[in-house]
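The values are calculated or read from the model by the stated rules, or taken from the named source; none is laboratory data. Source: prediction; values computed, not measured. Cβ placement follows ideal geometry from the backbone for every residue including glycine, while neighbour counts extend to all protein chains displayed.
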Amino acid sequence: MEIIEQIEDGIRVAKIKSEAILIHNLDDATQLLGDIYYQGFDKIILDEQHICPDFFDLKTKLAGEILQKFSNFKMKLEIVGNWGKYESKSLQDFIFESNKGTLINFVEKK
């Protein structure tokens, strides 16, 4: 895993580069969040492939648990992916509602 530091609108952003899945469960997400938070970053940018597929199956409740951690720490999270490929209306609604706020955003990969 490589952390690329960027400054966006005056905040420190950790853009994560990796070929591996980094978040398999809540503990992985908490560890990543803690590491980035204590390095003084204000936002994390992850690619969809850094997160296990269970995250995108809302029945597992993994997305809710992980995103709650990020919310508790007031850590901005941007997840970049191809969201149109998911057929789940619940997931599409979840993404839509998340994007209304400023803390958790799902961004379409360019």
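Spot the failing condition for PHE96; the list is (1) touching a residue at least 60 places away in the same chain (Cβ under 8 Å); (2) more than 14 Å from the chain's Cα centre (by Cα), and only one is missed.
(1)
Here is a list: VAL107, VAL80, VAL13. Which entry is touching a helix residue (DSSP H, G or I) at 6+ places or on another chain (Cβ under 7 Å) and modelled with pLDDT of 95 or more?
VAL80
Looking only at the range 74-110, which residues are out of contact with any Leu (no Cβ under 9 Å at 6 or more places or on another chain), surrounded by 15 or more Cβ atoms within 10 Å (Cβ to Cβ), within 28 Å of ILE7 (Cα to Cα) and among the hydroxyl-bearing types (Ser, Thr, Tyr)?
none
Inside the range 32-62, can you point out the residues that are of a type outside the set (Val, Ile, Thr), part of a helix (DSSP H, G or I) and farther than 16 Å from VAL107 by Cβ?
Once the filter is applied, which keeps residues that are of a type outside the set (Val, Ile, Thr), part of a helix (DSSP H, G or I) and farther than 16 Å from VAL107 by Cβ, the range 32-62 yields LEU32, LEU33, GLY34, ASP35, TYR37, TYR38, PRO53, ASP54, LEU58, LYS59, LEU62.
Would you check if SER71 is without any contact (Cβ under 8 Å) to a residue 40 or more places away in the chain and either surrounded by 15 or more Cβ atoms within 10 Å (Cβ to Cβ) or more than 14 Å from the chain's Cα centre (by Cα) (or both)?
So SER71 does not fit the description; no.
Could you look through the range 67-110, keep only residues that are part of a strand (DSSP E or B) and in contact with an Asp or Glu (Cβ under 9 Å, 6 or more places away or on another chain), and pick out the one that is nearest to PHE41 (Cα to Cα)?
So, considering only residues that are part of a strand (DSSP E or B) and in contact with an Asp or Glu (Cβ under 9 Å, 6 or more places away or on another chain), the one nearest to PHE41 (Cα to Cα) is LYS76.
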